[in-house]
Each structure stands twice: as structure tokens, then as C-alpha cells.
Amino acid sequence: MLLILRGVSNSFKSSFSKRFPHQQIVSLDELRIKMLDDVGCMDYADEISSVFNAILNSRLRLKADTVIDNTNLSLPLIDKLVDKAINSNNEFLILSFKREIGECIAGNRLRSLEDSKHFVPSDVIMRQFDSYQKHTPQIREKYSDSFYEFNVSNDDIDEIYKKYLKIRKEL
């Protein structure tokens, strides 16, 4: 199963992904930290993307449950991930984490005080939010049988995880 998490920075995707074993999570942010010591560094994007794809392709080939913890905002990016799942005979789900832009920016400021490696500039979050708003209706329509959107607040990640388990059980 390929589980694709999408949402702007600080929409609790990573908090949700922590419910899964570490080895199942594939995250561009974590790869940037491991390779460049900086989640916000966009240098060496080709190298990071190559490592990301190598890990993802291997996990899909092995039919290993995999959680993609990235912003994954655009329809073309979702299409690429879904194609990889389908071409490797893996099921997929798209979980979309919707959170108000002001909450994302405020949460990001707080997070930066605890962990400066995960800071994302506010203008980047605003662009992510615009992309999220633009692409969500298209993704919802195209992948209606596999798309689930959750309105996120600070205290409902456990509830979202319970809903995910119920969805997974019904597959």
C-alpha cells in the first residue's frame, strides 16, 4: 500500500506519519536534513529526488507499505506517485490534510523555535496553500475512490489515524 500524504507545511502530515514504523516513511524533508542538514535547502534537488525515487521504487517493488510524507500538492506530482503504485501493482490512498493558512504559519513559527531545521518561510507556506487550494478539487475528482480530506486542528491527529485505520480495513 502506498499512502500519499499531502498538505501545506505544518498541516500535521509528519505528526500523522509518526504513527507508522520509521522505515515505512519516505520524506523529502528528512532526506534534505540527512543529506544537507537543512530542510529548506533546495540545492541538489536532482540528487535528493534520485534518492527519494530509488527508495520509493524499491519499497513498491517489494510490496512494502510506504508512507510518502511530502507536501505533494500538485496534480502532476500525485499522478506520478499514483502511476508508480499502479505500475507496481500496489494499492494507494491519498490523505489530504487541510489546515487554515494562519494556523500553518503560526505553527511553523513555534516549530522553528524547537527545531530550526524544519522552518519554512511564510511566503513558501502561502504558495503551498495556493497550490493546495488550486489542485485539491482536481485530485479529489480524479481519484475520488482513493482520496480522503481531513480538516486538521491541533488535537485530532489521533482521530484522523482512527479514521485511516477504518478506511484501510474496508479496502
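Can you list the residues of region 133-150 with backbone N under 14 Å from a point 7 Å past the Cα of Met1, pointing along Cα to Cβ?
146-148
How large is the convex hull of the C-alpha atoms of region 72-156 per residue, in Å³?
Values: hull volume 10.2 nm³, N = 85.
Dividing the Cα hull volume of region 72-156 by its residue count gives 120 Å³.
Counting other Cβ atoms within 10 Å of each Cβ, which GluC sites (Glu not before Pro) in region 1-91 have at most 16 and sit in a DSSP loop?
For GluC sites (Glu not before Pro) across region 1-91 that sit outside H, G, I, E and B with at most 16 neighbouring Cβ atoms in 10 Å, the list reads Glu91.
Of all the accessible heavy-atom surface of the chain, with the other protein chains kept in place and a 1.4 Å probe, what percent is carbon and sulfur? It would help to have the intermediate numbers written out before the result.
On the way: 4770 of 9430 Å².
Carbon-and-sulfur percentage of accessible area, whole number: 51.
Can you tell me the length gained on complete extension of the stretch Arg19 to Met35, counting 0.36 nm per residue apart and subtracting the Cα distance? Before the final figure, lay out the partial values.
Details: separation 16, 0.36 × 16 = 5.76 nm, distance 2.42 nm.
Contour length minus the Cα-Cα distance gives 3.3 nm.
For the chain, what does -39500 (n - 2.57) per DSSP helix run (n ≥ 4), summed and divided by total residues, give at 222 nm, in deg cm²/dmol to the nearest 500?
The per-residue figure over the chain is -17500 deg cm²/dmol.
Write down, largest first, the equivalent ellipsoid semi-axes of the chain in whole Å, where each equals the square root of 5 times an eigenvalue of the alpha-carbon gyration tensor.
Values: eigenvalues 107, 79, 48 Å².
Whole-Å semi-axes of the equivalent ellipsoid: 23, 20, 16.
Charges on Cβ only, +1 for Lys and Arg, -1 for Asp and Glu, centred on the Cα centroid of the chain; of Ala106, Asn89, Ile25, which one is farthest towards the dipole's positive end?
The listed residue farthest towards the positive side: Asn89.
Quick one: longest stretch of the chain between exposed loop trypsin sites (Lys or Arg not before Pro), exposed meaning at most 16 other C-beta atoms within 10 Å and loop per DSSP?
64-171
For q = 0.26 Å⁻¹, what log10 I(q)/I(0) does region 129-171 give under the Debye formula with an equal point scatterer on each alpha carbon and no solvent?
After summing over all Cα pairs, the log10 values are -0.97.
The values are calculated or read from the model by the stated rules, or taken from the named source; none is laboratory data. It should be emphasised that the depicted structure is a prediction, and the values quoted were computed from it without experimental measurement. Cβ: placed from backbone, ideal geometry, glycine included. Neighbour counts: every protein chain shown. For accessibility, only protein heavy atoms count, side chains too; no ligands or nucleic acids. Shrake-Rupley method; radii C 1.70, N 1.55, O 1.52, S 1.80 Å.
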